[in-house]
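Quick notes on the structure that follows.
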Amino acid sequence: MQEASKWPKKLAAAGAIILLISIAVLVSNIDEFEEATDPSHNSLLVLDGGESEEINLSKEGSYLLFRLTNTDHNCTIVESATGTEVTIGSPGWVQSPREGKEGEFYYPVGTFIPDESGLHTIENDAEEGEMLWILDETDVEYSIVLTISASCCGIFCGSGLIPLAFILWRNGKRNVGKAGLVMQTADGMLVPIAPADGTMQQRVPTTDEIWRSVHGGEVLNLSVGEPKEPEVPAPFADRPDRSGVISRAIDEVESVDDSASESPPAESEVSQKGWKSWDEG
């Protein structure tokens with residue numbers, strides 16, 4: 001009898017462990033991640049409306065502009081050395097609003113990458129009281145980002161292993177108790193010999209067939225045909241339904257009997273003549 005596979009249990013246990021560890025790591029590091037991405041704690045520059053300031057920016061960085069309201073950026077960025085104005089684009093769907101420590105929300109209103117590294121003048125063109133935060137996305141600690149990313153991947157993998165283990169367990173449960181016998185031929189194919197489900201019932205090959213298959217490359221024909229009922233002849237020879245070899249044999253026997261019955265009179269006549277001639281002589 002075929003035993004149930006242990007892989008579903010192992011996969012389910014591994015999935016549960018990975019899921020629990022990933023959730024624990026994510027919960028323990030979520031505060032540090034929020035603080036690292038909070039514009040009020042990790043900003044390069046904060047400008048009130050009407051203010052401007054010169055700051056050193058790198059062309060390898062990616063910068064975000066945040067405000068407390070979801071409005072236009074109202075900001076001008078100029079490269080100090082050349083006087084070239086930097087193009088400010090719209091934030092993507094990945095750059096979502098961020099919640100601060102005090103519960104306020106910071107909305108991304110613009111993103112830019114400098115053409116050249118060096119000093120840049122940033123001016124907040126909004127009215128007084130409308131604050132502007134400039135944040136470098138690449139300035140977040142790599143270890144925190146890596147930890148959060150690994151935790152999210154672990155949650156995804158753990159959540160996928162548990163349903164997979166359940167599917168394997170269901171399929172294995174259906175096959176428990178079914179025994180199948182297969183044989184590997186010379187070309188590496190596995191030939192079913194005696195499956196238990198009854199759909200492909202085949203006979204067991206003989207030793208000579210196995211030897212010829214392995215050494216001679218003979219293709220095995222293990223199919224089992226439907227059994228034929230033996231034809232039993234009629235019990236009496238004079239039955240009209242009696243046919244086949246047996247009837248012909250009976251006809252031959254009858255013809256032999258007829259010839260045998262006709263031959264003795266000839267022999268008796270010869271013997272009588274012989275006795276008569278001997279007696280007279």
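Values in this text are rule-based calculations from the coordinates and carry no lab data. The shown structure was predicted, so the numbers you read here are calculated from the model rather than taken from an experiment. Neighbour counts are summed over all protein chains in view; Cβ atoms, including those assigned to glycine, are modelled from backbone coordinates with ideal geometry.
A few comments on the model shown:
- Proxy reagent accessibility, fewest Cβ within 10 Å first, across VAL94, VAL46: VAL94, VAL46
- Peptides 71-81, 105-115 ranked from most to least packed by the mean count of surrounding Cβ atoms within 10 Å: 105-115, 71-81.
- Near ILE77: Cβ cut-off under 9 Å, other residues only, Lys/Arg at +1 and Asp/Glu at -1. The net charge is -3.
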